Amino acid sequence: MGVNARIEDEPDEAVDGLVPALFRDAPSSVSFNKLRKRLLRQVRQAFDDFQMLKGQKRWLVGLSGGKDSYSLLAVLLDLQWRGLLPVELIACNLDQGQPNFPKHILPDYLTSIGVTHRIEYRDTYSIVKEKVPEGATYCSLCSRLRRGNLYRIAREERCDALVLGHHREDILETFFMNFFHGGRLAGMPAKLLNDEGDLMVLRPLAYCAEDDLAKFAAAMQFPIIPCDLCGSQDGLQRNAMKQMLGEIEARMPGRKDAMLRALAHVNPSHLLDPKLFDFAGLQTNPSP
């Protein structure tokens, strides 16, 4: 698959003429079709730039019930339907035992659109509430517990990769959180090998804007499930980064894309890390 291939050139009907169940009630407007195809192009670009399809056969797609993971699944199914994603997909939701979690929504929805899925129950909510002091943020521990379980499930399902719905803003926010609070230059990679070395973690939405995903999810009328744990806390560092980036983009449109491009064009000799560049080995060329 080359990056120059155009989604506009791909057929909008399957070989048998059937529209995928996921898109049967999708809007037919020009604006929605442009949005849909933009997301498809951006995901294909990420596939190509980071060689996400290399040797891959079966993916576990993490599905939280939020707009981003629903959109990720939809785009992957769209590409699969078009013959552009030769990978088997299994959607997985980890029910973490949050109070009032509507257990029926995801399995009912996934069944209705004919998607292979696995719903796993693990009460990590109680662990997080017990371990994290009142007023502190839950996200870090909650994320680690969730990721560990998803790795286990991916192995049990014989998957090559765990696929997550992090987007452009997630990557930028993580970069600035590390920059301001961690004292390091690190973001959220689009492709990562786990510590055990047996699974890839893929983020195909790396180039996709959160606003586009929100519009797409609203148009598709996904049954969104809110997070009642970390989503209920105010003053999170990530929220501060999101607000900062939003204000910058409002004043100077296009800065988010410029920042994302900067993360892909790193010049170690112009930074301050002697582990990345041999400053000690620099020598002048004496005049003859």
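The values are calculated or read from the model by the stated rules, or taken from the named source; none is laboratory data. All values reported here derive from a predicted model rather than from experimental measurement. Cβ coordinates were reconstructed from backbone atoms using ideal geometry, including for glycine residues, and neighbour counts include every protein chain displayed. Accessible surface areas use protein heavy atoms only, side chains included; no ligands, DNA or RNA. Shrake-Rupley method; radii C 1.70, N 1.55, O 1.52, S 1.80 Å.
Close Cβ contacts (under 6 Å, 6 or more residues apart or on different chains) running from residues in segment 259-288 that are open to solvent by less than 70 Å² (accessible area, probe 1.4 Å) to residues that are among the small types (Gly, Ala, Ser) comprise Leu263/Gly187; Phe277/Ser269. Applying the criterion of being of a type outside the set (Gly, Ala, Ser) and closer than 21 Å to Arg255 by Cα to the residues of segment 205-226, the residue that is most open to solvent (accessible area, probe 1.4 Å) is Lys215. Applying a threshold of 6 Å to beta carbon distances and a minimum spacing of six or more residues, or different chains, the list of pairs starting in segment 149-163 at a residue that is in a loop (DSSP other than H, G, I, E, B) and ending at one that is buried (at least 22 other Cβ atoms within 10 Å of the Cβ) and aliphatic (A, V, I, L, M) reads Glu157/Leu60; Cys159/Leu60. Of the residues making up segment 181-204, those that are open to solvent by 60 Å² or more (accessible area, probe 1.4 Å) and over 20 Å from Asp257 (Cα atoms) are His181, Gly183, Arg184, Leu192, Leu193, Asp195, Glu196, Asp198. Taking residues in segment 94-116 that are farther than 22 Å from Arg58 by Cβ, and partners anywhere that are open to solvent by 30 Å² or more (accessible area, probe 1.4 Å) and in a loop (DSSP other than H, G, I, E, B), the pairs with Cβ atoms closer than 6 Å and at least 6 places apart or on different chains are Gly97/Asp123; Gln98/Asp228; Ile105/Pro223. Mind listing just one residue for me: the one in segment 111-145 that is modelled with pLDDT under 70 and open to solvent by 60 Å² or more (accessible area, probe 1.4 Å) and, of those, nearest to Asp78 (Cα to Cα)? The residue in question is Ser140. Somewhere in segment 27-47, is a residue at positive phi and either modelled with pLDDT of 90 or more or under 13 Å from the mean Cα position of the chain (by Cα) (or both)? No, that holds for no residue. Residues that are out of contact with any helix residue (DSSP H, G or I) (no Cβ under 6 Å at 6 or more places or on another chain) and farther than 30 Å from Arg158 by Cβ within segment 36-68 comprise Arg36, Arg38, listed in sequence order. No other residue among Leu77, Leu39, Leu35, Leu73 is buried (at least 17 other Cβ atoms within 10 Å of the Cβ), assigned to a helix (DSSP H, G or I), touching a Ser or Thr at 6+ places or on another chain (Cβ under 8 Å) and in contact (Cβ under 8 Å) with a residue 12 or more places away in the chain apart from Leu39.
Considering only residues that are aliphatic (A, V, I, L, M) and at pLDDT 95 or above, look in segment 87-109 and name the one that is surrounded by the fewest Cβ atoms within 10 Å (Cβ to Cβ). The qualifying residue surrounded by the fewest Cβ atoms within 10 Å (Cβ to Cβ) is Val87.
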